[in-house]
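Participant: Here's a structure for you.
The values are calculated or read from the model by the stated rules, or taken from the named source; none is laboratory data. Since this is a predicted model, take the numbers as computed values, not measurements. Methodologically, a virtual Cβ is constructed for each residue, glycine included, from the backbone with ideal geometry; neighbour enumeration extends over all protein chains shown. Note: accessible area is taken over every heavy atom of the protein model, side chains too, but ligands, DNA and RNA are not part of it. Shrake-Rupley method; radii C 1.70, N 1.55, O 1.52, S 1.80 Å.
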Amino acid sequence: MVLKTSGEIELMDEANRIVHQVLDLIEAKVAPGVTTLELDQDAEALIRDAGAVPGFLNYRGFPATLCTALNDVIVHGIPNDEPLKEGDILGIDCGVLYKGYYGDAARTYMVGAVDPQGQRLLNATRESLLKAVEKVRPGGRLSDIGHAVQSFVESQGFSVVREFVGHGVGVSLHEEPQVPNYGKPGKGPKLKPGMVLAIEPMVNQGGPEVKMDADGWTARTADGSLSAHFEYSVAVTNDGAKILGISNAPRSV
């Protein structure tokens, strides 16, 4: 595990600020009739105008700037020219590389009016991320984060994906440690100032099982149920958690 200096965390804060600008842009543009390919092109333009590079484009061969997750897609979907429809939910995962450091965050959006159960799924996933962030403090244990996610999500009647986890982030997009969204509390490494973790609950409306599309990237719920995904990059500081890219840690994602 690589501990970052205060200067490195400041650079990562700038990188994540660009990511959240992209996610804000997408929030303004998501609507029935818009395509994920259009959103991907807009995101790439914003990132490059900000002096950064798309962090996912060509990473291990991934062909786009954004990972898109429509309805039953959990993560790593590829943008396409199919128009969004009223009632869809759309997860967007975005990464950038800025001055040698990565930013990484995700949100799930409602496309028009979404049924109440879909809204509950998004609300529960968003809230589980905030509960996880509350466990980020010096001396805490890594597994406290995943336990916070799992216990809340399951109390709401949803399930946590096991196959995909959060991760450390810094000069590499994926660093140690892995950050599962499940587990017993009080286990694993102690959290130390300078650690930066990408915490990203992936929550299914039905069961936690996953199936992969033939493209080798797109991961879906095995039972066809909806899935939601929210993510922050979070630095461990002497005072607790610092959500990177956001000026004031909010009670909403």
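Participant: Could you please report the charge total around LEU173, scoring K, R as +1 and D, E as -1 over all other residues with beta-carbon less than 10 angstrom from its beta-carbon? Before the final figure, lay out each step's value.
Facilitator: Numbers: positive: ARG60; negative: ASP104, GLU175.
Local net charge: -1.
Participant: Which whole-Hz ³J(HN,Hα) couplings does segment 57-63 yield from phi under the Karplus relation 6.51 cos²θ - 1.76 cosθ + 1.60, θ = phi - 60°, glycine and proline marked x?
Facilitator: Rounded to whole hertz, the list is 4, 6, 6, 6, x, 5, x.
Participant: Now a separate question. Would you mind checking which residues have amide H under 5 Å from ALA198's amide H? H placed 1.01 Å from N; only 5 or more apart, or other chain.
Facilitator: HIS167, GLY168, VAL169, VAL234
Participant: Rounded to whole Hz and in sequence order, give me ³J(HN,Hα) for segment 199-216 from the Karplus expression 6.51 cos²θ - 1.76 cosθ + 1.60, θ = phi - 60°, writing x for Gly and Pro.
Facilitator: Each residue's phi maps through the Karplus curve to give 9, 8, x, 10, 10, 9, 5, x, x, x, 5, 10, 10, 9, 6, 5, 6, x Hz.
Participant: What percentage of all Cα-Cα pairs in segment 165-248 are separated by more than 15 Å? Mind dumping the intermediate values first?
Facilitator: Numbers: 2335 of 3486 pairs.
Here the long-distance tail beyond 15 Å is 67 percent of all Cα pairs in segment 165-248.
Participant: Counting pairs of alpha carbon atoms under 8 Å apart in space and at least six apart in sequence, what relative contact order in percent does segment 166-253 give?
Facilitator: Dividing the mean separation by the residue count of segment 166-253 yields 25 percent.
Participant: Putting +1 on Lys and Arg Cβ atoms and -1 on Asp and Glu Cβ atoms, find which of ASN181, MET195, SER128 reaches farthest to the positive end of the dipole of the chain.
Facilitator: The Cα lying farthest towards the positive end belongs to MET195.
Participant: Now for a separate question. So how strong a dipole does the chain carry about its Cα centre when Lys and Arg Cβ are +1 and Asp and Glu Cβ are -1, to the nearest 20 debye? Don't skip to the end; give the middle numbers.
Facilitator: Values: 23 positive and 33 negative charges, 229 e Å.
Rounded to the nearest 20 debye, it is 1100 debye.
Participant: Residues with beta-carbon under 15 Å from that of ARG120, excluding ARG120: net charge, scoring Lys, Arg +1 and Asp, Glu -1? List each step's numbers first, then the result.
Facilitator: Details: positive: ARG126; negative: ASP115, GLU127, GLU154.
Result for the local shell: -2.
Participant: What number comes out for the charge environment of GLY207, summing +1 per Lys or Arg and -1 per Asp or Glu over other residues with Cβ under 13 Å away? Intermediate results must be reported in sequence, preceding the final value.
Facilitator: Details: positive: ARG162, LYS211, ARG220; negative: ASP72, GLU154, GLU163, GLU209, ASP223.
Neighbour charge sum, excluding GLY207 itself: -2.
Participant: If amide hydrogens are placed 1.01 Å from N in the peptide plane, which non-local residues have theirs closer than 5 Å to the one on LEU70?
Facilitator: GLY91
Participant: Just the accessible area per residue of the chain, please: how many Å² with a 1.4 Å probe?
Facilitator: Working: 10440 Å² over 253 residues.
I get 41 Å² per residue for the chain.
Participant: Of VAL19, ALA31, GLY55, which is farthest along the charge dipole of segment 4-60 in the positive direction, counting Lys and Arg as +1 and Asp and Glu as -1 at C-beta?
Facilitator: Sorting the options by dipole projection puts first GLY55.
Participant: Select from PRO83, PRO193, PRO116 the residue whose mean-square fluctuation is largest in a Gaussian network model of the chain (Cα-Cα springs shorter than 10 Å).
Facilitator: Largest GNM mean-square fluctuation: PRO116.
Participant: Cα gyration tensor of segment 25-79, axes a ≥ b ≥ c as square roots of the eigenvalues: rounded (a/c below 1.5), prolate (a/b > b/c) or oblate?
Facilitator: Working: a/c = 2.38, a/b = 1.14, b/c = 2.09.
Oblate shape, in that a/c is at least 1.5 and b/c is the bigger or equal ratio.
Participant: A further question follows. Can you send over the carbon and sulfur percentage of the accessible area for the chain, probe radius 1.4 Å, protein chains only?
Facilitator: Numbers: 5120 of 10440 Å².
In the chain, the share of accessible area belonging to carbon and sulfur is 49 percent.
Participant: Still on this structure, I have one more. For n ≥ 4 DSSP H runs only, could you compute -39500 (n - 2.57) per run for the chain, divide by its residues and tell me the 222 nm figure to the nearest 500?
Facilitator: Values: 4 runs with 70 residues, N = 253.
Here the helix-only value at 222 nm equals -9500 deg cm²/dmol.
Participant: Pop out the Kirkwood hydrodynamic radius of the chain from its pairwise C-alpha distances, inverse of mean 1/r, in Å to one decimal.
Facilitator: On the way: mean 1/r = 0.0560 Å⁻¹.
For the chain, the Kirkwood estimate is 17.8 Å.
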